[in-house]
1. Examine the stretch A:22-45 for a residue that is assigned to a loop (DSSP other than H, G, I, E, B) and surrounded by 15 or more Cβ atoms within 10 Å (Cβ to Cβ), and state whether such a residue exists.
2. Given the criteria in a helix (DSSP H, G or I) and more than 27 Å from the chain's Cα centre (by Cα), does residue B:69 qualify?
3. Would you confirm whether or not the stretch B:177-188 contains a residue that is in contact (Cβ under 8 Å) with a residue 40 or more places away in the chain, within 12 Å of chain A (Cβ to nearest Cβ) and in contact with a helix residue (DSSP H, G or I) (Cβ under 8 Å, 6 or more places away or on another chain)?
4. Being more than 14 Å from chain B (Cβ to nearest Cβ) and surrounded by 14 or more Cβ atoms within 10 Å (Cβ to Cβ) is the filter here, so list the residues in the stretch A:104-114 that pass it.
5. Would you point out the residue of the stretch A:75-96, among those that are over 17 Å from the mean Cα position of the chain (by Cα) and within 12 Å of chain B (Cβ to nearest Cβ), that is surrounded by the fewest Cβ atoms within 10 Å (Cβ to Cβ)?
6. Here's a check for you: in the stretch A:57-71, which residue that is part of a strand (DSSP E or B) and farther than 12 Å from residue A:2 by Cα is farthest from the other protein chains (Cβ to nearest Cβ)?
7. Specify the residue that is surrounded by the most Cβ atoms within 10 Å (Cβ to Cβ); the eligible residues are those in the stretch A:151-169 that are outside any strand (DSSP E or B), in contact with a strand residue (DSSP E or B) (Cβ under 8 Å, 6 or more places away or on another chain) and within 12 Å of chain B (Cβ to nearest Cβ).
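The values are calculated or read from the model by the stated rules, or taken from the named source; none is laboratory data. Here the structure is a predicted model, which means the values were calculated and not measured. All Cβ positions, even for glycine, are placed from backbone atoms using ideal geometry, and neighbour counts span all protein chains on display.
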């Protein structure tokens with residue numbers, strides 16, 4: 001008890017499509033995540049980090065072991081675990097506001113309540129004034145801000161982020177990272193954030209989990225003691241940041 | 001800035017006027033090109049009948065058909081038959097869509113339903129609507145019900161297959177987004193699947209009307225005593241070819257009007273809109 005998210009001996013086996021062999025996407029993964037903790041998971045392709053996130057979301061089923069959220073085993077997706085997708089996954093026929101309203105609408109809130117919620121979260125992500133735009137009228141970075149606002153609008157105790165900034169350009173990425181750090185500071189929730197970028201992981205996380213492939217497992221865990229709020233301009237000269245970054249990079253590269 | 005705007009105002013107004021007249025000219029061109037092939041056909045028709053190659057009861061002239069149009073309009077019989085045909089088409093379309101659409105949604109989202117329903121639907125789809133006429137007459141008699149049943153048959157399949165394809169083409173990540181927001185299967189159908197599949201659904205309905213229209217005329221030739229199909233078939237023994245040609249023209253005009261003013265705009269509107277919102 002106590003942990004918001006707990007994975008116990010979590011195992012996921014895929015049949016190898018080429019033959020009768022089995023691939024361990026995950027093997028006996030144990031991990032605990034505290035309430036309001038920001039955890040980033042990094043690792044090479046095939047280490048099972050995305051599989052783990054999707055199982056936590058309830059979008060995929062494990063082969064064995066269990067995942068508990070607040071002590072209850074995960075059985076399918078639910079509004080208590082919001083998700084931000086790499087390709088945004090916005091509904092293109094809905095405006096930014098209508099996309100963000102979707103969670104509250106599903107929960108059965110009145111039209112005026114959900115409009116108020118949607119506009120509040122769009123303001124938090126920096127999109128005030130863009131409420132009536134359709135996704136195709138927004139840049140990639142702005143679309144992902146809508147994606148974040150949509151997930152936050154349900155105020156989920158757990159927020160899952162699947163390489164959310166991988167598809168945007170480098171400068172947009174920096175501003176989204178700084179924005180995310182501030183949003184999380186104000187709207188405390190448990191974040192599980194999967195990324196390929198060690199820089200991004202160290203910049204955002206309280207703890208960085210390094211996973212290793214074949215079989216997918218936790219290799220090591222780093223506590224990030226860099227004080228908050230964090231901004232990129234200061235990271236360059238922050239010795240803690242740079243030491244952790246180097247150490248984690250060496251682990252990821254194996 | 002303000003001063004500059006007022007300065008260029010007359011020029012701007014002129015440019016706007018020019019754009020508006022170009023748009024009008026384009027619309028006029030569309031209308032002319034729409035009418036032109038039909039005018040040419042009528043001219044050829046008149047020329048052939050003026051040549052007196054065939055007696056009028058085999059090849060009626062445009063004037064004969066015009067007279068038939070006036071006569072049947074005056075006594076109201078034309079509108080009676082048009083009304084009967086459109087009523088059946090409407091009824092068959094509503095029935096085919098009311099059953100085909102929800103069933104297709106279920107098949108599109110549920111694997112078990114798909115496995116259960118797709119084989120029999122494919123089986124019945126291979127039987128042309130008109131092949132049902134003998135049974136339909138036995139079951140429903142010579143009546144609007146038999147024809148409506150045949151139209152239902154013609155509408156059901158295109159609506160169902162198009163809708164299934166549309167639902168299955170909805171990107172999985174959009175469905176997953178809905179699920180992680182707490183959506184129930186019914187929420188997903190309402191918020192993700194149906195709006196995502198809308199262009200395919202509208203295309204299926206347009207196809208349904210087209211197939212239904214053909215089945216309607218065919219069915220009416222045999223299974224009723226009213227309607228456009230019945231009229232053109234019924235008068236063949238009386239050698240009243242004016243009625244036959246008029247009936248065929250009315251069929252073409254009615255379908256063209258439905259397609260031009262209802263179905264096509266509906267389809268282009270949804271597809272164009274979805275096209276732009278999808279092109280990211």
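1. Residues of the stretch A:22-45 that are assigned to a loop (DSSP other than H, G, I, E, B), as a first pass: A:34-37, A:44-45.
Pick out the ones that are also surrounded by 15 or more Cβ atoms within 10 Å (Cβ to Cβ) and you get A:37, A:44.
Yes, that holds for at least one residue.
2. Values: in a helix (DSSP H, G or I): yes; more than 27 Å from the chain's Cα centre (by Cα): no.
Judged against the criteria, residue B:69 is not a match.
3. Narrowing the stretch B:177-188 to residues in contact (Cβ under 8 Å) with a residue 40 or more places away in the chain: B:185, B:188.
From what is left, the residues that are within 12 Å of chain A (Cβ to nearest Cβ) are B:185, B:188.
Add one more test, that the residue is in contact with a helix residue (DSSP H, G or I) (Cβ under 8 Å, 6 or more places away or on another chain), and what stays is B:185, B:188.
Yes, the conditions are met somewhere in the stretch B:177-188.
4. Across the stretch A:104-114, the qualifying residue is only A:113.
5. For the stretch A:75-96, the residue satisfying everything is A:76.
6. Looking at the filtered set, the residue picked out is A:64.
7. Selected residue: A:151.
Each row is one residue, and each column tells you yes or no for (1) touching a residue at least 40 places away in the same chain (Cβ under 8 Å); (2) at negative phi; (3) facing another protein chain (nearest Cβ under 9 Å).
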position: A:100; (1), (2), (3): yes, yes, no
position: A:116; (1), (2), (3): no, yes, no
position: A:121; (1), (2), (3): no, yes, no
position: A:127; (1), (2), (3): no, yes, no
position: A:134; (1), (2), (3): yes, yes, yes
position: A:141; (1), (2), (3): no, yes, no
position: A:148; (1), (2), (3): yes, yes, no
